Amino acid sequence: MTISLDGAVSGANTARRLAGGGFSPGNLRSWLIQAIIVFAAYYIAGRLGQASAARSVSVGPLWPAYGIALAALLRLGNRMIPAVAAAAFAVSFHNPTPIAVVAGQAFGTTFAAFCGSWLLKRFSFDNSLSRLRDVFNLVLLGAVISPMVSATLGVATLYLAGIEPYAHVANAWLVYWMGDGTGVLLATPLALAFGRSGLPLNFSLLTEYVALNALLLLSCLAIFGFFGLLDTGQDSLTFSMLPFVMLIAFRFGLLGTSLSTLLIVTVATVATGNGEGPFARSANFTNAALLDIFYAVLSLTGITLAALIAERERAELQRDELVRRQAIAQVQEETNKKAAELQDQLAHLSRVGMLNTLSGALAHEINQPLAAIRLNTETALFLLMRQPAALQDLRETLSDIREDGKRAGDVLKQARALLKKETGSREEVELNSAVSDVAKLMHPTVLKLGVQLDIQLGSPSRPIWADRVQIQQVVINMLMNACEAVEQNDRSLRLVRLTTSFSAETATVTVTDTGPPISDAEIQQLFEPFYTTKPGGMGLGLVICRSIVHAHQGKLTAVRNPKQGLTFTVEIPFMGLQPAQPLG
């Protein structure tokens with residue numbers, strides 16, 4: 001791609017947008033402001049580069065304008081190509097060369113800057129220069145490869161116009177390439193950092209920065225002969241400015257070290273142009289080469305160290321963030337563990353409370369088989385005393401004693417399971433069997449309250465994977481709520497239905513009552529903690545039940561019946577459809 005084609009396309013698109021009204025005045029104003037800034041920056045940098053005494057027509061030891069052009073395309077995109085081309089043409093126009101040479105040099109600079117920005121973007125270049133890979137890419141692609149394009153096109157233009165003789169082409173190309181490459185190392189980091197990362201506003205840090213630069217300026221003036229020092233030893237003193245650059249890069253980052261490097265470059269360029277300093281002793285070509293090397297070393301040291309510091313700070317931030325997240329995760333894990341323990345304790349207290357309510361019924365259930373055992377024992381003794389002993393009758397009586405003992409033991413076993421603080425582990429649970437045991441346990445209470453309990457058990461396809469005691473706790477809670485809800489009805493209307501059903505994926509328990517009407521607002525609050533409609537209730541029963549069901553990956557819902565009362569529904573997936581989860 002050539003700059004002339006890109007410029008023509010850009011100009012045509014701009015004209016079409018202006019003509020068709022698709023380019024808003026605000027966007028045009030923003031583009032013009034940015035273009036003017038780019039033009040002015042390039043023009044000033046170009047005129048400063050032309051001021052170098054070692055420059056042969058348009059070839060000199062330092063060309064910061066090329067670094068400005070590359071930074072403009074990196075920061076603002078290819079829409080700044082017209083501004084770069086215009087500025088390059090305006091700068092070259094000051095040279096006593098034909099207009100064709102001026103246009104050729106402007107084209108070469110613009111096209112090379114476009115190539116450099118395109119290459120850097122292809123390698124994911126970050127304009128913040130906060131990574132070592134970005135510094136490496138800027139040096140290789142921006143300061144080495146792209147200046148080859150500008151040097152080749154620029155020197156070719158001078159040679160074809162007869163301005164640069166063939167014998168000097170190699171030296172001219174080398175100085176041209178070194179000048180543009182050094183311009184990239186000096187001007188591009190400064191232009192990229194300017195406006196993005198500012199100097200510290202803290203008074204003490206700002207004072208420190210000014211003091212360091214004052215010392216740096218004094219060192220530069222002394223080394224480059226402004227104080228009339230002897231020439232001997234000045235060459236070795238040149239790189240004594242590196243510690244200043246390194247310290248400033250460490251303390252103040254990319255913008256701070258770029259400004260300080262610019263200070264050194266200014267002093268060195270002025271001194272060399274006036275024939276002073278260690279880089280004004282040899283031929284022009286040698287002076288230019290040494291000066292460019294000096295600038296490159298200073299700039300590379302500063303931006304590399306700034307990138308290292310930025311990477312270290314970013315790594316520290318990432319480490320702190322990782323530590324913070326790990327701490328939060330640990331606290332969250334401990335919180336969840338304690339919440340699960342509290343939930344288990346609440347569930348246990350709820351079971352104890354239910355058994356306290358059922359204590360009278362439990363006593364009745366145990367007393368019945370115990371009374372039967374006592375009566376059958378007396379009967380057995382009577383049969384043994386008969387002569388001859390009625391063995392068949394004795395055998396039937398002992399069988400009755402065994403069955404009554406088993407019935408009393410089952411009641412105690414169920415009560416003991418509910419009273420245990422620790423629930424059992426997950427296992428295969430036949431839902432109909434668990435519900436039937438609950439119905440037997442609730443039978444005395446149902447009779448006492450005069451409730452008609454209708455039990456309809458569906459045909460199970462397979463067991464569920466659950467904690468049997470917890471599932472029974474949920475069913476007991478729903479049945480007790482239903483029985484208490486219909487207690488005030490006429491005896492003929494004290495109806496409660498307990499049903500189970502099974503689909504392909506879930507097992508369902510439904511408890512339906514004919515209790516008093518309930519409002520929508522009350523339904524919304526049923527599962528809220530501490531909400532209760534009972535005079536002595538705590539408002540935790542349904543909350544605990546829902547947490548138990550959720551721990552089994554199920555759902556507990558309540559809906560209003562068409563006529564009166566509520567229907568509570570528990571849906572639990574079959575085993576193998578969900579992982580076991582702790583309560584809470």
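Any read-out appearing in this document is the output of simple, stated calculations on the displayed coordinates, not a laboratory observation. Predicted model, so just to flag it, every value in this text is computed and none were measured. Here the Cβ positions follow ideal geometry from the backbone for every residue, glycine too, while neighbour counts run over all protein chains shown.
In order along the stretch 464-469, the Karplus-derived 3J(HN,Hα) couplings, from 6.51 cos²θ - 1.76 cosθ + 1.60 at θ = phi - 60°, round to 9, 9, 7, 8, 4, 5 Hz, and Gly and Pro are given as x. Each label was represented as a point 7 Å from its Cα along the Cα-to-Cβ direction; for Gln524 and Ala222 these points are 8.1 nm apart. Remark on Leu566: its backbone amide H falls under 5 Å from those of Asp513, Gly515, Asn561, a criterion applied only to residues 5 or more positions apart or on other chains, H modelled at 1.01 Å from N.
Separation of the alpha carbons by more than 32 angstrom is noted, of Lys337/Lys440; Lys440/Lys563; Lys448/Lys563; Lys338/Lys440, for Lys337/Lys440; Lys338/Lys440. Take the Cβ atoms of Ile33 and Glu333, set R0 to 41 Å, and the FRET efficiency comes out at 0.15. With semi-axes defined as the square roots of five times the eigenvalues of the C-alpha gyration tensor, the equivalent ellipsoid of the stretch 197-334 measures 42, 16, 10 Å, largest first. Sorted on the mean count of surrounding Cβ atoms within 10 Å across their residues, most packed first, peptides 33-40, 301-308, 170-177 read 301-308, 170-177, 33-40. Fully extending the segment from Trp118 to Ile293, taken as 0.36 nm per residue of separation minus the present Cα-Cα distance, adds 60.4 nm.
Between Thr557 and Phe203, full extension at 0.36 nm per residue minus the direct alpha carbon distance yields a gain of 121.0 nm.
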